[in-house]
Amino acid sequence: MGDHDGMAEDHTHVQEFFAARAADWDRKFPDDGPAYAAAVAELGLAQGDAVLDAGCGTGRALMPLRAAVGPEGTVLGADLTPEMLAEAVRAGRDRYAALLRADVARLPLRTASVDVVFGAGLISHLPQPAENVRELARITRPGGRLALFHPIGRAALAARQGRRITDDDLRAEPRLRPLLASAGWRLTSYADEDERYLAVAVRED
């Protein structure tokens, strides 16, 4: 019971954080579009694939994801924060994906139903990271991929936020690799550069 209460508090905090920022989000980061498109291009998505944008926010990845999987593919955008989803609709991005108000801890999707999970800025906002990435593994077919992305790298983000980069950051490779492995993922590539962060893992059989 206690754990559940703590998780609910975490979720409330995450929702409040993003709800307060939803309306200005795209205006605050107007130049991120090409970085999203480049990250999606690296995933090798095929026409007809099914892809989930987990924690899709205002949906900036949805257009490149739709272009990658084509009209026969499936694109889902899931976010916990109604205000973020409302901004995605306002921007017309619901044309590219089915939008779900959903918690990544309990996704309303069948086991092994998606080929790729894309998560922009996701890992640092997960209340229970090990369990949450295990849920992402559940919905991903064996051999499918998880892409954890941010339009700037860890050092640049820390500088923007006026803090120091730390080794206990979940996005640091020494922390991320075992976390993913414990949930059935194998980290296959890792890039942490000023202009982008992209970690890609494969769902083990």
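The values are calculated or read from the model by the stated rules, or taken from the named source; none is laboratory data. Model, not experiment: these values are computed from the prediction. Cβ coordinates were reconstructed from backbone atoms using ideal geometry, including for glycine residues, and neighbour counts include every protein chain displayed.
Brief remarks follow.
- Test result for G121, under 26 Å from S189 (Cα atoms), under 17 Å from the mean Cα position of the chain (by Cα) and at pLDDT below 90: yes
Yes or no, residue by residue, for (1) under 26 Å from L107 (Cβ atoms); (2) without any contact (Cβ under 8 Å) to a residue 60 or more places away in the chain; (3) not acidic (D, E):
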residue	(1), (2), (3)
P142	yes, no, yes
R145	yes, no, yes
H150	yes, yes, yes
G162	no, yes, yes
R175	yes, yes, yes
A183	yes, yes, yes
L187	yes, yes, yes
A191	no, yes, yes
V202	yes, yes, yes
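- Residue match in the range 82-98 (condition: touching an Asp or Glu at 6+ places or on another chain (Cβ under 6 Å) and farther than 20 Å from G33 by Cβ): no
- Counting only helices (runs of 4 or more DSSP H) wholly contained in the range 114-205, the ones carrying 1 or more residues that are of a type in the set (D, E) and touching a Leu at 6+ places or on another chain (Cβ under 8 Å) occupy 129-139, 173-182.
- For the range 99-112, the criterion of being over 17 Å from the mean Cα position of the chain (by Cα), modelled with pLDDT under 95 and not in a loop (DSSP other than H, G, I, E, B) is met by none of the residues.
- So R141, is it among the charged types (D, E, K, R), closer than 26 Å to T74 by Cα and touching a Lys or Arg at 6+ places or on another chain (Cβ under 9 Å): yes
- Of all residues in the range 142-161, those satisfying the criterion of being loosely packed, with under 15 Cβ neighbours inside 10 Å and either under 17 Å from the mean Cα position of the chain (by Cα) or of a type outside the set (D, E, K, R) (or both) are P142, G143, A155, A159, Q161.
- Residue check for I139: of a type in the set (A, V, I, L, M, F, W, C) and modelled with pLDDT under 95: no
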